[in-house]
Amino acid sequence: RSRMAACTSQHALISVKPPRASASFGSDRRAGNVRFVSATSCCPGSRKLGLVCASNSQSSVIEPAKLPSSPESGSTPKKSSEAALILIRHGESLWNEKNLFTGCVDVPLTPKGVNEAIEAGKRICNIPVDVIYTSSLIRAQMTAMLAMMQHRRKKVPIIVHKESERAHQWSQVYSEETKKQSIPVITAWQLNERMYGELQGLNKQETADLFGKDQVHEWRRSYDIPPPNGESLEMCAERAVSYFKEQIIPQLVSGKHVMIAAHGNSLRSIIMHLDKLTSQEVISLELSTGIPMLYIFKEGKFIRRGSPAGPSEAGVYAYTKVRVFSIF
Ligand SMILES: O=C(O)[C@H](O)COP(=O)(O)O
């Protein structure tokens, strides 16, 4: 708490309120998964500038979040001036576990990743979700599905197949009632992890030993320097943020609550856009696996609400100083 207060006064980015439900916070409570690392200490394990303090931080900045409501039934939400946007980086994959560059290689979750996805689902179980977007990669899809299994509405997430006319036709649902109990899951390659080029499959530590720590850090975190024959974050942002603007924002504008399950770098590029981070600031943005982040879309603006807390703290959310950004 005092650490956080110090952090707040130092960087003036987080507003602190005493945790109301601190007694019920579990030991794994994580305040958020957006972490800035660069200079002085903000939270244990991070080195500066907590937009939201690093995961594993005991204390959190919380405030009851006012969440948009969702109609209790019906697949078409009423037009609302507020909509929830949940972003989740997939849980740990088999190659995260082995510390291998993964990029667009389609690797499944580990048992730990499965658990992370389930825990993520518990954190968002009370937040309405009308439509889910995932990348075309299995680790993001597994995460989305496992998370939705925890949702209190118990709607069935159904992947929308549009890869061919036949796939589309053959996956039709002919009951309006059943449709109401379903959530469409739209998969899009544009949300895939950045393509890591010739680093895919290489061990991150061994690559750093071979090419030097600084070179590998530049490939992994710089904005516009691509790894050999791969995508820079800027290139990844071109497709991911364009898709977000063209396909996802219209859903939010129409009042639909959206969840996106994607990847470290495709989500970094979207967060960079939402939070108007500079190409310097995004270097220090790290996302943990399996921790959801909540934004409220209201009147054309995104309000960052941090990371929803676990189920024992229903109604209490990690909260960062509200930064409002207009998309228009
Ligand atoms: O593709 C990968 O290897 C990871 O998902 C993200 O890796 P990074 O943290 O090295 O960008």
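Based on this model, can you work out whether Arg268 counts as open to solvent by 10 Å² or more (accessible area, probe 1.4 Å), closer than 26 Å to Glu92 by Cβ, assigned to a helix (DSSP H, G or I) and among the basic types (Lys, Arg)?
No.
Can you spot a residue in segment 279-287 that is farther than 21 Å from His90 by Cα, assigned to a loop (DSSP other than H, G, I, E, B) and at pLDDT 95 or above?
Yes, the conditions are met somewhere in segment 279-287.
Limited to segment 302-320, what total is found for residues that are modelled with pLDDT of 95 or more and out of contact with any Leu (no Cβ under 6 Å at 6 or more places or on another chain)?
Residues in segment 302-320 being modelled with pLDDT of 95 or more and out of contact with any Leu (no Cβ under 6 Å at 6 or more places or on another chain): 2 in total.
Considering Val241, Val258, Val253, which residue is out of contact with any Gly (no Cβ under 6 Å at 6 or more places or on another chain), within 13 Å of Thr134 (Cα to Cα) and more than 11 Å from the ligand (Cβ to nearest atom)?
Only one candidate passes the filter, namely Val258.
Pro228 versus (1) away from the ligand (no atom under 13 Å from the Cβ); (2) surrounded by 21 or more Cβ atoms within 10 Å (Cβ to Cβ): which is the lone unmet condition?
Going through the list (1) away from the ligand (no atom under 13 Å from the Cβ); (2) surrounded by 21 or more Cβ atoms within 10 Å (Cβ to Cβ), Pro228 breaks only (2).
Please enumerate the residues belonging to segment 84-127 that are among the β-branched types (Val, Ile, Thr), touching a strand residue (DSSP E or B) at 6+ places or on another chain (Cβ under 6 Å) and farther than 21 Å from Gln205 by Cα.
Answer for segment 84-127, where residues must be among the β-branched types (Val, Ile, Thr), touching a strand residue (DSSP E or B) at 6+ places or on another chain (Cβ under 6 Å) and farther than 21 Å from Gln205 by Cα: Ile86, Ile88, Ile124, Ile127.
Could you list all residues from segment 181-196 that are within 16 Å of the ligand (Cβ to nearest atom) and open to solvent by 50 Å² or more (accessible area, probe 1.4 Å)?
Matches in segment 181-196: Trp189, Met195.
Answer yes or no: is there a residue in segment 183-190 that is in the same structural domain as Pro128 (by TED's automatic domain parsing), closer than 27 Å to Ile271 by Cβ, part of a helix (DSSP H, G or I) and not hydroxyl-bearing (Ser, Thr, Tyr).
Yes, because at least one residue in segment 183-190 is in the same structural domain as Pro128 (by TED's automatic domain parsing), closer than 27 Å to Ile271 by Cβ, part of a helix (DSSP H, G or I) and not hydroxyl-bearing (Ser, Thr, Tyr).
Quick check: is even one residue across segment 202-211 modelled with pLDDT of 95 or more, closer than 23 Å to Ser135 by Cβ and more than 16 Å from the ligand (Cβ to nearest atom)?
no
Among the residues in segment 199-209, are any among the aliphatic types (A, V, I, L, M), in contact with a Lys or Arg (Cβ under 8 Å, 6 or more places away or on another chain) and assigned by TED's automatic domain parsing to the domain that holds Leu267?
Checked segment 199-209: no residue is among the aliphatic types (A, V, I, L, M), in contact with a Lys or Arg (Cβ under 8 Å, 6 or more places away or on another chain) and assigned by TED's automatic domain parsing to the domain that holds Leu267.
The values are calculated or read from the model by the stated rules, or taken from the named source; none is laboratory data. What you see is a predicted model; the values in this text were computed from it and never measured. Reconstructed Cβ throughout: ideal geometry from the backbone, glycine too, with neighbour counts over all protein chains shown. Keep in mind that these areas ignore ligands, DNA and RNA; they rest on the heavy atoms of the full protein, side chains included. Shrake-Rupley method; radii C 1.70, N 1.55, O 1.52, S 1.80 Å.
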